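Report on the following structure.
Here, each number is a calculation from the coordinates, and none is a lab measurement. Treat the numbers as computed from the prediction; the structure is a model and nothing was measured. Every residue, glycine among them, receives a Cβ derived from its backbone with ideal geometry; neighbour counts consider all protein chains shown.
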Amino acid sequence: MARIIECVPNFSEGRDRAVIDQITADICKVKGAKLLDVDPGWDTNRTVVTMVGEPEPVLEAAFNAVKKAHELIDMRKHKGAHPRFGACDVCPIIPVSGITMEECVVLAHRLGKRLGEELDFPVYFYEYAATTPERKNLAKVREGEYEALEARLKDPRWKPDAGPAEFRPTKGATAVSAREFLIAYNVNLNTVDKKKANDLALRIREQGYPKRDDKGNLVKDEKGEKIMMPGKFKNCKAIGWYVDDYKRAQISINLTNYKVTSMHHVFDELSERAREAGLRVTGSELVGVVPKQALIEAGIHYLEKQGGCAGQSDAELIKIAIQSLGLSDVAPFRPEEKVIEYLLHEKKGLVDLTVTGFCDLLASDAPAPGGGSVAALCGTMAASLGAMVANLTHGKKGYVKHDDLMNDTAKEAQKRKAEFLSLIDEDTDAFNRMMAAMSAKKKAEKDGTDAEKAKATVEEAEALKNATLVPLKCLERSGALCPLLATVAEKGNANAVSDAGVGAHLVKAAAHAAALNVRININNFSKEDFFRIETRQKMEALLAEAERGADAIIAVVDKKL
């Protein structure tokens, strides 16, 4: 799985389009960083920019954008409705897929340190990247805004996390963070009454709503302040409003951590509360982009609520999510335009080829793809057959007692399928990297300096190890399919037991094919090399385990047939 992050720098310029365009142009110059959205606001005099991609290009694009902002924006002249203290006010790093929050904290610290040192201005870290508890809250970090920054920098307690503790009048300061992905999500109602929408919003938002007595009067504490009742959901901000374009009221929601509070939980709760209030939720709307996983989880949720088997493909789960959440209620919802991973995807890998195209390439004189990618393909098909048998069992007469087991098995098989699919290209990439490293070493040995020769030797060794470890990973995952296939062979639909057997034979093919690739690659190391000895031992153990597991499944299938 690719490591994808989002970066959302906010610049203190929302009125001069020429300045905004120059800043975003420097983002677009970086290959691998994709500019998704540019949202300027006149009243706030602020532009929110959204970019996504793998970490290194996104960090580079963010640095370039901040640098350009420093050239074009003069904070001494800035006025706007939004709080701010720098030309680039905030710059959060957000995990999207294949990367943890902890890793994003490291990335945020790297970016902040580079900004401070190379651009010579103060940088603070907040939220997950905060270095002290009092700096976690952005409002505290930015307290007093630009106008108070010069005096604040003289206070030792507010020494910047990176860069000089000196006031740079034109630049101000930047706050860099790592935070969760924010989903902007609106739920549609069959009313034009803003107040009714807001009443529902108050009940679900984390901040909650003011307590009232039986007569509807506000209840206050001993200090005369309103007593707030907690709302239903954590990490949820919500307000009701009327949208003239749609001629209806909406509940506008920000989900600041969809892993804690999801779209589908909010949608279900509002549907029930709306019904109790004599209203109806007609659908919902996603503003901006969304991680694929958020829709996958919604699809699983609704399929399981229906009593269906949730071990489906990503495309099917996303279709169920769109239908269940009514995401096309006010405007067509197109996954290719709204899902981050789809926006980033460029069809260039082996997995994007047709079966004919893959086989034609395999049959050509190109050295890759080869047996390693075929091993991963065998694993993909084995996992797919496991999911198929589980789906053919779930909900069928005589097998209902196994529904929960088959649902879990199908979901696990889909996860395994995705892992093997990624290995198809990973193996070919590893082979190509190995060949390039070997070629570079030969060139360095012929014409390079001692330093270049040493570097080429290290890079060749790393590439050779990687080319060995990728098929070893495939071998390990092949054996891990056996418990899954054993489940569907023993308890699955008897009419599909042969498919479980085919899956077991594919496990053996994948395991042996992967092992052959391990063997040929470890031959690049001397017989005494510890890596070669250790890898061979592990390979033999994994192969024997996969053999035993697959043979046991085949025996069960043969007995049933």
(request) Take the alpha carbon atoms of region 518-558, find their center, do the same for region 449-499, and report the distance between the two centers in whole angstrom. (result) 11 Å
(request) May I ask you to derive the FRET efficiency for Arg76 and Thr256 from their Cβ-Cβ distance with R0 = 22 Å, giving the value to the nearest 0.05? (result) 0.10
(request) Report, by chain and number, residues whose modeled amide H sits under 5 Å from the one on Tyr128, excluding near sequence neighbours (fewer than 5 apart, same chain). (result) Ala178
(request) List, in order, the whole-Hz ³J(HN,Hα) value for each residue of region 83-94 obtained from phi through the Karplus relation with A = 6.51, B = -1.76, C = 1.60 and θ = phi - 60°; use x for Gly and Pro. (result) x, 6, 9, x, 4, 9, 6, 9, 8, x, 10, 10
(message) Restricting everything to alpha-carbon atoms, can you work out Rg to Rh for region 126-224 with a Kirkwood hydrodynamic radius?
(response) 1.16
(message) If you split all Cα-Cα distances of region 4-178 into 10 Å bins from zero, what percentages do you get per bin, shortest first?
(response) 11, 43, 37, 9, 0
(request) Classify region 204-338 as rounded, prolate or oblate from the Cα gyration tensor: take a ≥ b ≥ c as the square roots of its eigenvalues, call it rounded if a/c is under 1.5, otherwise prolate when a/b beats b/c and oblate if not. (result) prolate
(message) Per-residue counts of other Cβ atoms within 10 Å, averaged by peptide: what ranking do you get for 471-482, 116-127, highest first?
(response) 471-482, 116-127
(message) I'd like to compare 378-389, 258-269, 22-33: which one has the highest average count of other Cβ atoms within 10 Å, and what's the full order after that?
(response) 378-389, 258-269, 22-33
(message) As an exercise, identify the GluC sites (Glu not before Pro) in region 178-263 lying in DSSP coil whose Cβ has no more than 11 other Cβ atoms within 10 Å.
(response) Glu222, Glu225
(message) What is the distance in Å between the Cα centroid of region 116-160 and that of region 285-362?
(response) 40 Å
(request) From zero up to wherever the largest Cα-Cα distance of region 422-549 sits, split into 5 Å bins and tell me the percent of pairs in each. (result) 2, 11, 17, 16, 15, 12, 9, 6, 5, 3, 2, 1, 1, 0
(message) Starting from the 7 Å offset along Cα-to-Cβ, what nm value, one decimal, do you get for the label separation of Asp365 and Tyr246?
(response) 6.0 nm
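Which of rounded, prolate or oblate describes the chain when judged by the alpha-carbon gyration tensor and an a/c cut-off of 1.5? Kindly include the intermediate steps, with their values, before the conclusion.
Numbers: a/c = 2.42, a/b = 1.28, b/c = 1.89.
Judged from the Cα gyration tensor, the chain comes out oblate (a/c at least 1.5, b/c at or above a/b).
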(message) Just to verify a number: FRET efficiency for Met438 and Val106, C-beta to C-beta distance, R0 = 35 Å, to 0.05?
(response) 0.65
(message) Give me a comma-separated list of calculated 3J(HN,Hα) values for region 170-182, in order, Karplus coefficients 6.51, -1.76, 1.60 applied at θ = phi - 60°, integers in Hz, x for any Gly or Pro.
(response) 7, 8, x, 9, 10, 9, 10, 9, 10, 9, 6, 5, 9
(message) At R0 = 51 Å, how high is the FRET efficiency between Ala151 and Asp193 if r is their beta carbon distance? Nearest 0.05 is fine.
(response) 0.60
(message) Take Gln306 and Phe530, extend 7 Å from each Cα along the Cα→Cβ direction, and tell me the distance between the two endpoints in nm.
(response) 5.5 nm
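What net charge is computed for the residues neighbouring Glu528, neighbours being all others with C-beta under 14 Å from the C-beta of Glu528, Lys and Arg scored +1, Asp and Glu -1? Please list the in-between numbers first.
Working: positive: Lys527, Arg532, Arg536; negative: Asp529, Glu534.
Summing Lys and Arg as +1 and Asp and Glu as -1 gives +1.
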(request) Taking H placed 1.01 Å from N in the peptide plane, check which residues at least 5 places from Tyr209 or on another chain put their amide H under 5 Å from its amide H. (result) Met229, Gly231
(message) Residue by residue through region 235-251, what is 3J(HN,Hα) from phi via Karplus (6.51 cos²θ - 1.76 cosθ + 1.60, θ = phi - 60°)? Round to whole Hz and write x for glycine and proline.
(response) 6, 9, 10, 8, 8, x, 8, 9, 10, 5, 4, 9, 6, 7, 8, 10, 9
(request) Name the residues whose placed amide hydrogens come within less than 5 Å of the amide hydrogen of Glu6, ignoring near sequence neighbours (fewer than 5 apart) on the same chain. (result) Ile94, Val96
